[in-house]
Amino acid sequence: MSDVLSTDIQFIKGVGPKLAQVLSKKGISTIEDALYFLPRTYEDRRRILKIRDIVPNQNATLLLTVFSQKEIRMGRKARLEVVAGDDTGRIQLSWFHAYPTLKEDFAVGNTVVVFGEVKVFRNSFTLSHPEYEKIQEFHEGKPKASIHFGRVVPVYSETEGLHQKTIRKMMGEVIKVSLNSLEDSLPENIRGKLELPTLRASFRAVHFPDECPNENEISKFLQRIIFEEFFVLQLGLGLKKQRQQLEQAPRLDSAHSKLTDFIRSLPFKLTGDQEKTLKEIEKDLCRNFSMSRLVQGDVGSGKTVVALASAVIAGGSGYQTAIMAPTELLAQQHFRTAQKLLEGTNLVPMLLTHSNAGVKEDRDSIREGKAHVIIGTHALFQKGVVFHRLGLVIVDEQHRFGVEQRNALIQKGEGVHLLMMTATPIPRTLAFTLYGDLDLSIIREKPANRIPIKTSILRERERPKLYSKIRERLQKGEQVYIIYPLIEASEKLDLKSATEMYETLKKEIFPTQSIALLHGKMKAEEKDKILMDFKNKVYDILVATTVIEVGIDVPNATLIAIEHPERLGLSQLHQLRGRVGRGSLHSECVLVADVYVTERLRIMERSEDGFEIAEEDLRLRGPGEFLGTRQSGLPGFRVGHILRDADLLSYARDEALQLLERDPNLSLPENKKVRSLVENRWKEKLERLKGG
Ligand code: ADP
Ligand code: MG
């Protein structure tokens with residue numbers, strides 16, 4: 001960054017330490033920060049209006065001579081009333097406080113430009129608290145234009161102690177001192193191709209435009225600034241991806257593997273998306289550098305079999321695969337699937353959790369390579385676990401693991417391929433920003449045999465209807481989930497209501513049924529036991545908080561009721577709904593909305609497409625909320641908005657990738673500037689973003 005841009009804002013003319021402190025609350029500490037503090041809107045003050053042309057309740061810029069000034073005492077305070085006018089009429093100006101500079105500026109005979117919304121009061125025009133400027137200099141009989149009038153004027157968001165005119169004046173200075181330091185780092189050909197103006201022209205025009213920008217339009221100038229933000233991030237992610245690709249990994253050979261046999265042996269035909277994803281993985285595995293791929297696929301889209309097929313490729317070349325799942329139950333589930341599906345292969349699956357991580361024979365078979373597909377929990381990366389030849393690491397529900405945990409497992413091999421899986425669909429633009437350094441595969445298509453889940457919204461007063469639905473299910477020997485959302489801030493309260501609900505259901509509503517309660521405060525083993533028992537039909541009803549989200553597959557559970565669905569994000573509701581509809585039985589999801597039904601819930605009735613729901617969720621709640629607290633690391637753009645500016649983001653990504661293809665290290669002279677921009681701006685952020 002140039003010295004000028006990184007200069008402390010307090011050194012700008014008219015700022016000083018006191019104002020600097022106020023500015024810091026707005027996130028402005030340097031000149032560069034100020035440049036990125038963009039106007040909230042603009043006011044067109046180019047035309048000076050005559051009083052006779054005033055339209056009441058509209059903004060007007062007037063050039064006035066002060067006729068009289070009156071102070072009106074009200075207790076200890078004094079109001080100021082001024083009558084002023086031009087050659088066509090008069091207007092009254094008023095202020096609640098008659099402070100001295102005001103009285104001076106509006107002394108009788110002074111010439112002043114005022115700006116504000118004109119009202120009609122008792123048959124005369126009035127302006128209260130207008131913005132104004134005392135005119136001292138004239139040019140050819142007209143007042144000399146300033147930054148406050150006679151032009152399109154920027155309006156910034158104000159805070160206490162920070163007034164419009166102060167900010168505007170400061171911005172005028174900021175632009176003046178920084179323009180020469182604003183060098184264009186965007187390669188000339190990219191700027192030309194997208195017809196983007198220079199950075200210098202853009203900052204000037206965004207703060208002090210010549211024409212009044214259309215409120216509903218992102219101007220070329222703004223686009224230029226946003227594009228750079230996106231472009232720099234995408235380049236950073238691209239560079240990071242390249243670094244990952246320098247990491248060696250074994251070149252696996254899918255031709256010699258039993259992949260075709262394995263696929264043929266499956267009890268079902270792979271969906272088109274499963275096949276496509278597998279092809280992409282296969283291609284990655286057959287190169288001698290490390291795969292870094294994220295598979296996104298809705299709940300039930302069939303990611304497990306893709307994981308196992310990848311393990312078959314690794315196994316065919318004599319390498320072990322580790323599959324890590326966030327809970328013991330999920331690991332067990334995967335293990336059982338693996339036992340079944342790998343039967344016809346010569347690969348030996350093994351389950352490794354905390355229960356057997358200490359067992360010597362088990363550890364020996366991993367170390368000696370007798371076990372080929374090792375499925376487990378966090379136990380997998382414990383110290384005592386040594387692999388024979390680890391070639392592929394698969395992380396299921398990747399967002400449940402930290403980067404360190406993932407890396408700890410990767411360290412168990414000498415250069416491994418990494419495959420991550422997630423059931424949370426992430427809209428494209430967000431995926432670009434979060435996972436731009438990974439290759440993405442998407443399984444959108446569901447297996448053909450899937451029976452749709454019927455979703456309905458019930459009002460609180462229709463609760464009896466829910467209970468009769470539940471009764472019907474139980475009579476058929478099916479099972480039911482009832483979910484109470486848990487929000488971190490009010491965890492205690494929610495826990496209480498989940499517990500209360502559980503008590504009421506047990507004592508009053510379903511006294512003859514067996515009901516269990518599951519919540520996040522329980523120990524992992526306790527939770528696992530309850531879920532296992534539920535799966536084994538020990539319980540008919542499971543009352544749970546949202547801990548159930550990443551849970552067990554219980555095909556016999558056919559109804560899920562979700563209380564207070566308005567408290568949850570759409571994506572989360574969709575995840576919860578995915579707990580049912582896992583077998584051959586018709587399933588349903590009932591949302592018990594509190595008082596009124598919010599429109600946003602209706603999409604749940606309409607759609608079962610996790611990606612569509614995710615898009616809507618992102619649109620409604622914005623990226624921060626969408627990602628929730630668990631997943632941070634979203635780069636904060638100062639101007640760009642990944643939803644509003646999705647097109648620019650796509651362009652930026654394409655251009656960044658193309659540029660890196662032409663000049664992988666950004667070492668050509670014409671790319672030096674952009675390279676240093678990337679290095680400066682994303683130094684820490686890129687570290688933090690590591691792998692998502
Ligand atoms: P998820 O993507 O949520 O991990 P799973 O891998 O658990 O999904 O698959 C859900 C169910 O769908 C499993 O019972 C699996 O056997 C089955 N399945 C997977 N692929 C297919 C397919 N192509 N056709 C039919 N059923 C499939
Ligand atoms: Mg899964």
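The values are calculated or read from the model by the stated rules, or taken from the named source; none is laboratory data. It should be emphasised that the depicted structure is a prediction, and the values quoted were computed from it without experimental measurement. So basically every Cβ, Gly included, is an ideal-geometry build from the backbone, and we count neighbours across all protein chains shown. Just the protein is used for accessible areas: all its heavy atoms, side chains included, with ligands, DNA and RNA removed. Shrake-Rupley method; radii C 1.70, N 1.55, O 1.52, S 1.80 Å.
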- Is it the case that residue 432 is more than 16 Å from ligand 2 (Cβ to nearest atom), buried (at least 21 other Cβ atoms within 10 Å of the Cβ), farther than 26 Å from residue 625 by Cα and not charged (D, E, K, R)? no
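How about the range 296-386: which strands (runs of 3 or more DSSP E) wholly inside it have at least 1 residues that are in contact with a Leu (Cβ under 8 Å, 6 or more places away or on another chain) and without any contact (Cβ under 8 Å) to a residue 12 or more places away in the chain?
Values: elements: 320-324, 349-352, 373-376.
Those strands (runs of 3 or more DSSP E) do not exist here; none qualify.
Based on this model, can you work out whether residue 366 counts as within 18 Å of residue 316 (Cβ to Cβ) and buried (at least 23 other Cβ atoms within 10 Å of the Cβ)? Explain how you work it out, then say what you get.
Values: within 18 Å of residue 316 (Cβ to Cβ): no; buried (at least 23 other Cβ atoms within 10 Å of the Cβ): yes.
So residue 366 fails the test.
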- Specify the residue that is nearest to ligand 1 (Cβ to nearest atom); the eligible residues are those in the range 566-606 that are more than 30 Å from residue 477 (Cβ to Cβ) and not in a helix (DSSP H, G or I). 569
- Task: Sort through 533, 528 and tell me the only one that's touching a helix residue (DSSP H, G or I) at 6+ places or on another chain (Cβ under 8 Å) and in a helix (DSSP H, G or I).
- Result: 528
- Any chance the range 43-58 includes a residue that's within 25 Å of residue 114 (Cβ to Cβ), assigned to a helix (DSSP H, G or I) and open to solvent by 20 Å² or more (accessible area, probe 1.4 Å)? yes
- Only one of these is more than 16 Å from ligand 1 (Cβ to nearest atom), farther than 30 Å from residue 269 by Cβ, at pLDDT 95 or above and open to solvent by 40 Å² or more (accessible area, probe 1.4 Å): 472, 460. Name it. 472
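Conditions (1) open to solvent by 30 Å² or more (accessible area, probe 1.4 Å); (2) within 25 Å of residue 426 (Cβ to Cβ); (3) at pLDDT below 90, marked per residue:
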site	(1), (2), (3)
510	no, no, no
513	yes, no, no
545	no, yes, yes
562	no, yes, no
573	no, yes, no
585	yes, no, yes
590	no, no, no
593	no, no, yes
- Note on the structure: Residue set 283, 340; condition within 16 Å of ligand 2 (Cβ to nearest atom), farther than 15 Å from residue 420 by Cα and open to solvent by 30 Å² or more (accessible area, probe 1.4 Å); output residue 340
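Here are 308, 294: which of them is within 13 Å of ligand 1 (Cβ to nearest atom) and under 32 Å from the mean Cα position of the chain (by Cα)?
On the way: 294 fails: within 13 Å of ligand 1 (Cβ to nearest atom).
That would be 308, the only listed residue that is within 13 Å of ligand 1 (Cβ to nearest atom) and under 32 Å from the mean Cα position of the chain (by Cα).
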- Task: Sort out which residues of the range 90-110 are modelled with pLDDT of 90 or more, surrounded by 14 or more Cβ atoms within 10 Å (Cβ to Cβ) and out of contact with any Ser or Thr (no Cβ under 6 Å at 6 or more places or on another chain), and write them in order of number.
- Result: 90, 91, 93, 95, 102, 103, 105, 106, 110
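Tell me, which strands (runs of 3 or more DSSP E) lie completely within the range 113-161 with 2 or more residues that are under 20 Å from residue 95 (Cα atoms)? Let's see the steps before the verdict.
Numbers: elements: 119-121, 124-128, 131-134, 152-155.
Here the list reads 119-121, 124-128, 131-134.
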- Answer from 410, 442 - the residue that is within 16 Å of ligand 2 (Cβ to nearest atom), open to solvent by 10 Å² or more (accessible area, probe 1.4 Å) and in contact (Cβ under 8 Å) with a residue 12 or more places away in the chain: 442
- All positions within the range 291-304 that are open to solvent by 10 Å² or more (accessible area, probe 1.4 Å) and more than 10 Å from ligand 2 (Cβ to nearest atom): 292, 293
- Restricting attention to the range 204-239, the residues that are in a loop (DSSP other than H, G, I, E, B), out of contact with any Ser or Thr (no Cβ under 6 Å at 6 or more places or on another chain) and within 30 Å of residue 180 (Cβ to Cβ) number exactly 9
- Task: Considering only the range 240-279, state which residues are away from ligand 1 (no atom under 15 Å from the Cβ), among the aliphatic types (A, V, I, L, M), outside any helix (DSSP H, G or I) and touching a helix residue (DSSP H, G or I) at 6+ places or on another chain (Cβ under 8 Å).
- Result: 252
- Find the residue count for the range 15-31, including only residues that are touching a residue at least 60 places away in the same chain (Cβ under 8 Å) and open to solvent by less than 70 Å² (accessible area, probe 1.4 Å). 6
- Task: Find the residue count for the range 547-560, including only residues that are crowded, with 20+ Cβ neighbours inside 10 Å and over 21 Å from residue 524 (Cα atoms).
- Result: 4
- Residue count, the range 127-183 (criterion: among the aromatic types (Phe, Trp, Tyr) and either within 34 Å of the chain's Cα centre (by Cα) or within 30 Å of residue 673 (Cβ to Cβ) (or both)): 1
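Have a look at 416, 395 and point out the one that is within 16 Å of ligand 1 (Cβ to nearest atom) and not small (Gly, Ala, Ser).
Numbers: 416 fails: within 16 Å of ligand 1 (Cβ to nearest atom).
Residue meeting the stated conditions: 395.
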- State the number of residues belonging to the range 387-407 that are open to solvent by 20 Å² or more (accessible area, probe 1.4 Å) and within 18 Å of residue 289 (Cβ to Cβ). 2
